[in-house]
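Read-outs throughout are calculated quantities, based only on the coordinates presented, and are distinct from any laboratory measurement. The shown structure was predicted, so the numbers you read here are calculated from the model rather than taken from an experiment. Please note: Cβ atoms are built from the backbone with ideal geometry, for glycine as well, and neighbour counts cover all protein chains shown.
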Amino acid sequence: MRYNLKISLLLAAIMAIATGYPQQESRPGCLITPDEMRAYTDEVRMQTDALKQADKLHFYPVERLDADSISIEKFLDLNYLGWPLRNANYSDFPGWAIGNFVDLDYYSDGDEDYFEDSETEDYECGHRTYDGHQGIDIGIHPYHWKAQDDGAVEVVAAASGVIVDKREGYYDEYCVWGGAANSRGNSIVILLDDTSTATFYMHMKDGSLTSKVEGDYVQKGEYLGTVASSGNSTGPHLHFQINYLYEDDPDGDFTGYNQDAMVGACNDGSYFAAFEEQPPYDDPAVLTLETHSSSPELYEDNCDKDIGLYYDNSFTGFATVYFRSKFRDWVDGSSITHWIYYPSGLVKTFYTRTNPTDNRTFFAPDQAVGFSPFDESGTYRYTVEMDGETYSHYFAYNCIASQTLSGARSGHGGNMVSFSINSTQTISGSSANYIQYMADEYVQLNPGFEAAAGCRFVANLKGCNNSTAFAETADATRQVAPESIFSELQLYPNPSMGMVNLYWPDAGMEQAALRVLNQRGEIVYQSNISSSDGLMATVLDLQDLAKGVYMIQLTGDQQTIVRQLVLQ
Ligand SMILES: [Zn+2]
């Protein structure tokens, strides 16, 4: 064993070769001229007035406070801004990075020297903006065009209010300034419950916008669309902007004050435009850790939209694995060590990278590492620590077909199989415990399994073969009664044309809540199923659902079981 380990370390040393070059992606931006913005804001204000005339402008607020016994403090609390983006599917990595803030030196001179420091000022008195920019540009990562195609990053309402303007039908893959019929592109404006603060969400993907229309009320956190590059935009990003539409207006031509929601040394902020959790100015994070079977490509320029990535999570024989990482706000110039651990927890190899410049988003040079049959079989961990956070990506060498996991589990770790995981593990309630199960087909949590309050437990359908397009969390705190029986749940046929038999001979629970989730994690079907003499058997009619991959989730008696179902 020791001999084999030495050889593989030697092989690793020989084959540990850095490939490629560091790359900073150009930071996507957008241009909406002051005149255009004035016209837009005016339009929104007139539209708002029209909605009001038509009695279609109904806010949550004051008149409903009594009826819903909600305090004014709570009401105001609800109006603090949440973050306007979220990952569509579960991910260990944030899918975004801020490119440009609001330019508080807005009226400098308008001579179109957009990036002159003397003409810009952000909320921390820095220059991460350009002349006249009125919103926050948030780019998506790690591969923005791919993330746009996948709908990987969703735009959600930062605060509740009424949709007062919605535009769609515009081309959404602009990569240079100019050319768009309309600067804002596919966009939504929501007037908040204070009835005068408008929030603008621009550049979204055509066809992705919520089905709600002007006059409809949306809740904080509600889905609005996905991030893209429609309008006058140089790459996929969300432009999020806040304007006051109504203020004292002695001249009758008021068109709205622009607000910066970020509060700092150069901006005092305002109540109705404040984030409940404002991200720090420098917000270091790992944007991705990946393994590839061949040297992955990078975008060559703004308009390069297709790249070969050769993602792979499962390797055998003599293999060269390409490791790639990407970072956000790695600005202190420090070196970062990338660790690759054997399934046993020993270090297979490591390498360090240093950010050569003050890049905000940055692919570190890739690393090629050799694997051979001398290496351990099982799940490997590729780990980076940044800013006190540990980020990991799991991959398999000689993937194990199924795993039965038991005993106490702690620390930071994942288990991956090609087909299934059955677990009776116990994970104690320490925040240091972050346990991840990854399986292609299913994860089954058997009696005895326990993830105690305080730990972080995630079950992913994303195993050795990368066979599923999505991942679902069971971000759970659940305790399973040891005496209950939890035997095999069967779904057939699978894949199915829509009629699916659910058969569970020893269900061990009298009733279960059945939920069918789509790839977005949205519930598309639900019902309650009862057992008789321990047998649960029913036929699900899912013929109305679109073709695709779904998750069947059954919960009862504090137990949850998930299965993947393919409709074709
Ligand atoms: Zn912008």
Expected sort for 240, 374 with the fewest Cβ neighbours (10 Å cutoff) up front is 374, 240
Within 10 Å of each residue's Cβ, count the other Cβ atoms and sort 316, 361 from fewest upward. 316, 361
For each of 430, 229, count neighbouring Cβ atoms within 10 Å of the residue's Cβ, then give the residues from fewest to most. 430, 229
What does the net charge come to around residue 419 if you take all other residues with beta carbon closer than 10 Å to its beta carbon, with K and R at +1 and D and E at -1? -2
Given R₀ = 22 Å, what would the calculated FRET efficiency be for residue 332 paired with residue 118, taking r from the Cβ atoms and rounding to 0.05? 0.25
The summed charge of the residue 171 Cβ neighbourhood (under 12 Å; Lys/Arg +1, Asp/Glu -1) stands at -3
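What is the extension gain from residue 149 to residue 490, computed as 0.36 nm multiplied by their sequence separation minus the C-alpha to C-alpha distance, in nm to one decimal?
119.4 nm
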Along segment 377-394, Karplus-curve 3J(HN,Hα) (6.51, -1.76, 1.60; θ = phi - 60°) to the nearest Hz, with x for Gly and Pro, reads 8, x, 8, 9, 10, 10, 10, 9, 9, 8, 6, x, 9, 9, 10, 9, 10, 10
Note down the magnitude of the dipole of segment 131-283 about its Cα centre, charges +1 on Lys and Arg C-beta and -1 on Asp and Glu C-beta and zero elsewhere, to the nearest 20 debye. 560
Just to verify a number: FRET efficiency for residue 350 and residue 58, C-beta to C-beta distance, R0 = 45 Å, to 0.05? 0.15
For residue 296, what is the net charge nearby, where nearby means another residue's Cβ is under 9 Å from its Cβ and Lys, Arg count +1, Asp, Glu -1? -2
For residue 305, list the lysines whose Cα falls under 26 Å from its own Cα; do not include residues on the same chain fewer than 8 positions away. 146, 205, 326, 462
Extension gain (nm, one decimal) between residue 547 and residue 213, 0.36 nm per residue minus Cα-Cα: 117.5 nm
